[in-house]
Each structure stands twice: as C-alpha cells, then as structure tokens.
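J.: The structure follows.
The values are calculated or read from the model by the stated rules, or taken from the named source; none is laboratory data. Computed from a predicted model, the values in this text were never measured in an experiment. Cβ: placed from backbone, ideal geometry, glycine included. Neighbour counts: every protein chain shown.
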Amino acid sequence: MKLGPLLATGRSCGGRQVAIGLGIITLVWFMLPPGSLYDCSFSTVVQDRTGRVLRLCLSKDTQVRLPPLQEVLPEKYLAAVLHYEDRRFQVHPGVDPLAILGATWANVRAGRRVRGGSTLTMQVIRMARRKPRTYLNKLIEGLQAVRFELHHSKEEILRHYATHVPMGGNIVGVEAASWRYLGRPFVDLSWAEAALFAVLPNNPSLINLRQGRSLLRVKRDKLLKVMFDRKVFDAATYALACLEPLPPQARPLPFTAPHFTELVLSRSSPQQYLTTTLDLEVQMVLEHLARPHGESLRRQGITNLAAIVVDSASGKVRGYLGSLDYFSHQDQGQVDGVLARRSTGSLLKPFLVAKVFDRGPFTVNSRIQDVPTFYGTFAPQNASKTYQGFARISEVLQKSLNVPAVRLLHTYGVENFLEFLHQTGFRGLFRSAEQYGLTLILGGAEASLFELTRAYLSFNHGGRRKDLVLLERVEQQQEVPVQLFSAGSAHLVTEILMEVPRPGIYQDQPHLSGARSFAWKTGTSYGQKDAWAIGYDGQWTIGVWCGNFDGTGNADLSGVTSAGPLLLHLFQTLSKGENRTWPQAPDGELRSISCCMRSGYPTGPHCPETVPVFVPREQQVLRNCPYHQRIQVETGGRYRLCSKCWEGRMREYVTRFVPPASVAAVYRDHGIPVDEFPAHLPGCPSDSASELFELVYPVPGLTISPPRNFDGVREKVVFSAHHQRKTASLFWFLDGHFITETQDDHAIAIEVSAGKHSLTVQDEQGGTRIAPFNLQIDD
C-alpha cells in the first residue's frame, strides 16, 4: 500500500482545518466588543449650579484630562481635524488603504518619513496602547481599529480622539486645551482656533505655544489654506483667520472659589463632574465687593475676611470666600476663614433669647437688670463700660448688652444652653458647661462662620435646624427634623433683629442698604480679634468675618464697623425687589397676653397699666411682674407699716414700682427719677428693711487677689453696695470692727490683710448683709 497520497491528503485536510479555525477565531475576535480601551484617570470638573466650570483638578497621573465630552463637537473643529488627519474618515472601516498607499509613495520619494497613513481610529488605538511606531504595531493597530469601528459609531470615535489627544505638556484632550490656551469652554471656536487645535497634536512636545510658535502658525495657516482650497469657507473668512494671532502661551486653569471647591472635594466621593450649589454670578459679586472692603481693612492692619452667601429657602451655598487672597503666604490666605473656628463674640445671644422666650416668663419688653454684677470673680461688662439700670430684652440684642445677657444665661442655665448648642450643630464645643461658665454667651466658645450661618438659617425655618447644601442634583440625606426653638420665638427674635441699628451712613440713610427688611446681628470677640456680622431675610442668609488669621487683635476691629458694611453692601447688591411681606407671623404660633407696661412681665395683681404683647403659643406664665408692690403706709406716706407696727395708726394702701436697689442706684447716677420706697416705721421689730439694699461686691465666698499698680504698690480693695432709698445710710464693718459710714455713693476702698475675713453692711433700720471672703496676696 502506498502511503504518499494518504499523507498528502491528510496534510491538505489539516491545513484547511487550521485555516478554518483561524478564520473562526478571527471572526469571533472581530465580533466580540472590545473591553475598556483606556486605562486612565480623569480630572474632576467642579462646576457651579448651571454647569459653569469653577475648577479643573489634576488626574491621578497629574494630567489635565477632562472626562469624555458629552456634547456634540464643534463643527469647525470637526472640519479642521478631518481635513488635516483623515479626510475619508466617514467612509473607511478603520483603515484607509488609499492613505496608506499615498503615505508609502510620499515617504519613498522623500527618502524619509514625511507623511503618515494612520486614520483617526488608528490614532485612537495608538493613544490607548502607547506602543512604539513599528510596522508590526501599525498592523496590530489597523486590526484593532477595524474591530473598534464595528462596535462604535463615527461620532463616538471622534469623541474618543478629542478626549485623549495630547495637546502639549500635561494637557490631554481638546477641551482641556481650550481652557489652558483660550481660557474658556470648547465652544464657539473661530476657524483659526479650530485649525490650531487640529495641528497642535502633530508634534506637541516640539511645536507648541511655548516653543516653535512661528512654525506652529505656519502649520495652522497651511491647514486654513487647504480648507479654503476645498471650499470649506470663502476668501474673506480665510484672510481673517490667517490674521488672527496665536493665543498666549498658556492661561491659568479655572480656579474659582478655591476654599469652597476644596471643601466640596473633601466631602464628595470621587467622580468626574461635581455640580455644586455655588452660583458663579453671586460669587463674582461677593469677590468684587470684598476686594475694596479688604483693602480698606488692610489700611487699618486687618488683613483678612471671609464670607458665605446662602439661599435662605433651600440652604444652598451660593457664594463662598475663604480669604481675601488664596495665594498670599504672608496673610495665610490658604486658611479657610469660613471653616476656621473663632470666638463667637455676641452671636449666640439671639439663640438664648429664643430659648428664654419659649420657657417664659420673658417677653420682648421684659426688663433685665443691667447693673454692676459679680459671679464669683467674673464681672461682665458692657462694651460701653456703662449701665442703664433696666434693659428690655429687645435692647439686649439690638444694643448687644453683655451684663443682661449673662443674667439671662444664669437664669436659663449654662448646661441647658450648651446642650442646645450641641443640638444646633456646633461641633467645636468640647468643654463642659462648668469649664465654659457664663462666658459662653460672650464668646467663651468657638464656632466657625459655616456653623454660625447654618444656625441663623433656623430663624427663617420656624426654629427648625436646616443644613447647608453644597451639591446640586445629588441624593441628599433625609434631614432629621430638629425643632431647636418654636416658630413663635423665631419670629419674635427676627423682629427684634430687624431693628438693629445700621452703621455709619446706613443708619441715617437706610435706602443705601436696599429697600428691603432684613435681620442681622454683629459680634466682636474679646481682645478685638474677630469681627462678625450675620444677616438674613427671605432670600439670603449672609455671614461675614473679619480679622487676622494669626489671631492678632486690632483696636479698630468691631463687628459693626468692620464686618457690618460688607454685609449690608451684599444685601444691597444681591437682593432683588422689595420684601415687605417678610417676615410673616407663623399661623397659630403666637398668642397675646397682658403685660405690665413698666416691667414688661406678665401682668401682676398690682400693675396699674398694661399692654398686649405676643409670646410663643406654648410659653408658660411662670411668674408675674415682680416689681409693682401694694404696701400699707402711714397716712401721708412717710413710713411703711406692717402687721407688727400698724396697730393704732392711720394707714392707707399705695402701689409702688420697686426696682432692685442696684437698679435704683444706676437710675440715680443717670438722673432718672426713682419711686422712693418709704422707710419702715422706726422701732418696728420687722426685719423686712433688709430687702431694700444689696451688697454688690464682694459676693459671699469670694477669693480676692488685689492687683498692683504701675509702681508695684498693691491696690486697695473696693467694696460696694446699693440701697433702694437715696437718703439711706450704710454702716460698714470688717471682722466686727466698724470702718465707716456711707451716704448716696455706697462704695469704700480699704487695705485688707491676707487671710479670711467677714464684711458686714447694715442700714439705719437694721437691714444687714454679710459676705465672708478670702484675700490672697500673690508674690
């Protein structure tokens, strides 16, 4: 048997099977969609609420590579790039045989490589593979290009090219190039710009806008000539395009609101586009107004300011300025003044007033003592260093009085108020109520402008907590409704803050701050290190801080004069139309009660004149007016009588307004008439006379450390008391030894030895006050 023919037949069948197998594999390879072509990261594009670019971030490989374009590419760019790179792009399957033949013939004639035959699709593959330009790689790229064309439309391929084409330096893609070289989005290109972006990728490392500019222009104009010859545009358009100069070497990439974009990036998961709540127009207004205001502050030695503008209804942040100059190393411009926690000054007072309105018995007209007051070693003072005796609660906010505010906090409770502040969202309050003490209401705690502005937003939302929003079109976490204070209290406080005097020219000419009503509050920290102003109306809630980031104080720094003018200017510029219907009283959240006209507290049985006053619906009347008293006096009113001394005497009932002795003393200092409280009948065994005066300093149990003067001599200790009756005499005793008698001005200054002592003060009717104290002498 002959084996030759059989072996030949076997080899022939085997060859056909191999060929068929390879054909099937090739067919399957072409039919299966390719996987992810590019393994690269993209820049994050931070946008304002309408899609305008605020910031372009570097990708993980430090390139400026914007995410794939979603819009249709500009027609002029498409025409330019196709006429330059791939004229038959719309008809070839990924490889252009005519282009390959033409390139081969041109290169052979020139004896070197002068022309390429790659299609745009092959270039897309080459940019993804990043392999050397060899014939083998060209073959592979051609096969992959055909495969790529089978699974992608021509429009998608053009987008791939425009996204990944190198444009010089670390700029990748035509949109990134448009921002880098033109300073604007990749839209509305001129013919010269379109031609430039078409020729720039040809050799971007050697011929670009930094070097080889003349050669780059020659290449651009040559492409313009080609398109003119091919009837793409007319002669006039061609001439004008050739006259257009090249753009400058490079422009800064968008870097608007840097502190805000950093905040958004830090709080967001990685994504290609971040559409924020910021409004670029509002941001430009904010920066435009802050710049000259900052220059004015700088002349006073105040180097920085921060501001935030929030939509009152939604809580969306529309403007954000972390510092005057982000790039100023000298002024620490990269510090975010909106997030930095600083002493709050008086900005927490409105929240305390809202809480005491809810609890009662306080009303907007309730009088609070504004007199020299001591809480141990702590003696609060008003900014004016003066006292007015009684102050309405409304005045406590409008004049930002410290002494009455501390009295309110002492009544409400530091621990209760601190718990409320935690509930409100102040995250930096890490100390205990005992550590903060009563200074909590005067700036003893620290908070950021972000936290404070968010807190003030609650007044526009019926006392409910409202979070600030940084991103648009994202699933916001459902806010847990937290009722911080009643809607009635929110409305009452707002009406008070609407009457806060405006600084300088705004006070006498309110039209300069707009024909709008808005509520606002200022604050200045201890040592004049921080100046605050926060205001709100139905449209905007705005916060401003001024100061030095290094904590340096400045005698010219105050909330009213430093932060206030910028706040008012922002309201004037940003507000549109009038808001005469704001604020509207919340339905069913307020009720009217009868109050004493003179004290402002709920009417008592002896109040002669009353007025209706609104209070929160749920407020409980815990006590009535404490100052109007009905007393029995001897006929003629000379002496006061009681059950122990009225027998056998002609008597009558009279009503008197009896303020505390310290209030009466302040009134007398100001020349304000005070109802004289009749002296008790001499010889009466009653000790009620002691109610008529009070020992102001020292308070019982106090430890005193007298300071030294400039000469090093230890100063005397000053003791003081107040009596309700102007003509009263007080007798002073130290450790049982008589010291002196005082009339009218009940204050004495004496030298006291170190150790424990007891001070006794007595009036002529036997009323007595005793205060043990310890005097400590520091070396």
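J.: Output the residues belonging to region 185-236 that are more than 48 Å from the chain's Cα centre (by Cα) and of a type in the set (Asp, Glu).
T.: Asp221, Asp229, Asp234
Residue-wise test of (1) in a loop (DSSP other than H, G, I, E, B); (2) under 22 Å from Ser558 (Cβ atoms).
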{"residue": "Thr275", "(1), (2)": "no, no"}
{"residue": "Gln283", "(1), (2)": "no, no"}
{"residue": "Arg291", "(1), (2)": "no, yes"}
{"residue": "Val310", "(1), (2)": "no, no"}
{"residue": "Tyr320", "(1), (2)": "no, no"}
{"residue": "Val338", "(1), (2)": "yes, yes"}
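J.: Now for a separate question. Identify the residue in region 709-756 that is over 23 Å from Pro659 (Cα atoms) and touching an Asp or Glu at 6+ places or on another chain (Cβ under 7 Å) and, among all such residues, is surrounded by the fewest Cβ atoms within 10 Å (Cβ to Cβ).
T.: Asn709
J.: From the list Val611, Val615, Val633, which residue is under 49 Å from the mean Cα position of the chain (by Cα) and surrounded by 17 or more Cβ atoms within 10 Å (Cβ to Cβ)?
T.: When all the criteria are applied, what remains is Val615.
Condition check ((1) more than 21 Å from Arg725 (Cα to Cα); (2) β-branched (Val, Ile, Thr); (3) touching a residue at least 12 places away in the same chain (Cβ under 8 Å)) across all residues:
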{"residue": "Ala585", "(1), (2), (3)": "yes, no, yes"}
{"residue": "Gly604", "(1), (2), (3)": "yes, no, yes"}
{"residue": "Thr610", "(1), (2), (3)": "yes, yes, yes"}
{"residue": "Val613", "(1), (2), (3)": "yes, yes, yes"}
{"residue": "Val621", "(1), (2), (3)": "yes, yes, yes"}
{"residue": "Arg638", "(1), (2), (3)": "no, no, yes"}
{"residue": "Trp646", "(1), (2), (3)": "yes, no, yes"}
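J.: Residue by residue through region 420-472, note down the ones that are under 13 Å from the mean Cα position of the chain (by Cα), part of a helix (DSSP H, G or I) and acidic (Asp, Glu).
T.: Hit for region 420-472 is Glu451, nothing else.
J.: Give the residues of region 400-415 that are assigned to a helix (DSSP H, G or I) and without any contact (Cβ under 8 Å) to a residue 40 or more places away in the chain, sorted by residue number.
T.: Residues satisfying the conditions are Val403, Pro404, Val406, Arg407, His410, Val414, Glu415.
J.: Can you pull out the residues in region 755-778 that are within 50 Å of the chain's Cα centre (by Cα) and assigned to a strand (DSSP E or B)?
T.: Ala771, Pro772, Phe773, Asn774, Leu775
J.: State yes or no: is Leu305 at pLDDT 95 or above, farther than 12 Å from Cys546 by Cα, within 14 Å of the chain's Cα centre (by Cα) and assigned by TED's automatic domain parsing to the domain that holds Thr453?
T.: No: the conditions fail for Leu305.
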